[in-house]
Amino acid sequence: MSQKELPNENKSYETERLILRPMSLEDKELIFELYNSPKFIRYIGDRNIKTVDAAEDYIRNKFIPQIERLGYGNYLVMTKEGNNKIGGVGIFERDGLDVVDIGYSLLEEFEGQGYAYEAAQKVKAIAMEEFGLSKISAIISKDNLPSQKLIEKLGLKFQKHITLPGEDEELNYYETD
């Protein structure tokens with residue numbers, strides 16, 4: 001995997017309606033709320049973040065090191081109108097995957113408005129154009145049909161079923177051509 005550049009980890013990006021910037025410790029309340037939402041736990045998993053302090057530790061120990069090391073990682077998704085923190089989107093290194101994984105999650109009240117697609121489309125472009133990644137993957141629960149449709153709309157194609165190390169659930173695995 002070659003990288004064209006390692007941009008400043010504080011760099012932000014914009015879409016028509018959104019601002020994306022690397023997750024920071026100040027986003028701990030959002031991570032606490034998002035990672036404890038029923039849909040996040042059902043489709044992504046329980047990250048055992050039971051307090052706002054635990055959310056801060058998660059950002060410090062998981063998100064920040066990857067951005068510092070690779071230049072990309074988990075980005076806060078914020079609306080331009082109202083500056084609402086609505087979720088996260090990112091490119092992740094994940095145990096059991098040879099190809100970096102795109103992932104996204106939004107607070108439930110912001111779902112169904114095209115924000116996840118808009119944010120994921122931008123992050124996919126950043127990964128490929130700025131970081132020179134030639135492939136991106138996605139793993140999705142078999143029963144998460146809206147996410148499967150979004151990933152296919154992004155141009156990723158179903159490849160196979162996989163189970164990640166230490167997990168029981170068999171997931172759909174998608175990859176760019």
In debye to the nearest 20, how big a dipole does the chain give about its Cα centre with +1 on each Lys and Arg Cβ and -1 on each Asp and Glu Cβ?
280
About its Cα centre, region 108-177 carries a charge dipole, from +1 on Lys and Arg Cβ atoms and -1 on Asp and Glu Cβ atoms, whose size in debye to the nearest 20 is 360
Ellipsoid equivalent to region 42-177 - semi-axes via the Cα gyration tensor, in Å
21, 19, 17
Between Asp168 and Glu93, 0.36 nm times their residue separation minus their Cα-Cα distance comes to what?
25.1 nm
For the cross-link pairs Lys28/Lys80; Lys50/Lys124; Lys50/Lys157; Lys85/Lys149; Lys80/Lys153, which exceed 27 Å when the distance is taken from alpha carbon to alpha carbon?
Lys50/Lys124; Lys50/Lys157
Debye intensity ratio in log₁₀ form over the Cα atoms of region 30-111, taken at each q of 0.13 Å⁻¹
-0.42
Would you please put 136-146, 48-58, 116-126 in order of how densely packed they are, using the mean number of other Cβ atoms within 10 angstrom per residue and starting with the highest?
116-126, 136-146, 48-58
Take Glu16, Glu93 and sort them by solvent-accessible surface of the protein heavy atoms, 1.4 Å probe, largest at the top.
Glu16, Glu93
Farthest positive-ward along the chain dipole, Cα basis, beta-carbon charges - from Pro65, Leu133, Phe40
Leu133
Of Asp46, Asp98, Asp177, which has the most accessible area with a 1.4 Å probe, and how do the rest follow in descending order?
Asp98, Asp177, Asp46
How big is the dipole moment of region 15-93 about its Cα centre under a simple scheme where the beta carbon of each Lys and Arg is +1, that of each Asp and Glu is -1, and everything else is neutral? Debye, nearest 20, please.
200
Residues with beta-carbon under 12 Å from that of Glu16, excluding Glu16: net charge, scoring Lys, Arg +1 and Asp, Glu -1?
0
Net charge contributed by nearby residues that have their C-beta within less than 10 Å of Asp177 (K/R +1, D/E -1)
+1
Residues of region 106-165: accessible area per residue with a 1.4 Å probe, Å²:
50
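The values are calculated or read from the model by the stated rules, or taken from the named source; none is laboratory data. Quick caveat: nothing in here was measured; it's all calculated off a predicted structure. Because the Cβ atoms are built from the backbone with ideal geometry, glycine has one as well, and the counts that use them run over all protein chains shown. Only protein heavy atoms, including side chains, enter the accessible area calculation; ligands, DNA and RNA are left aside. Shrake-Rupley method; radii C 1.70, N 1.55, O 1.52, S 1.80 Å.
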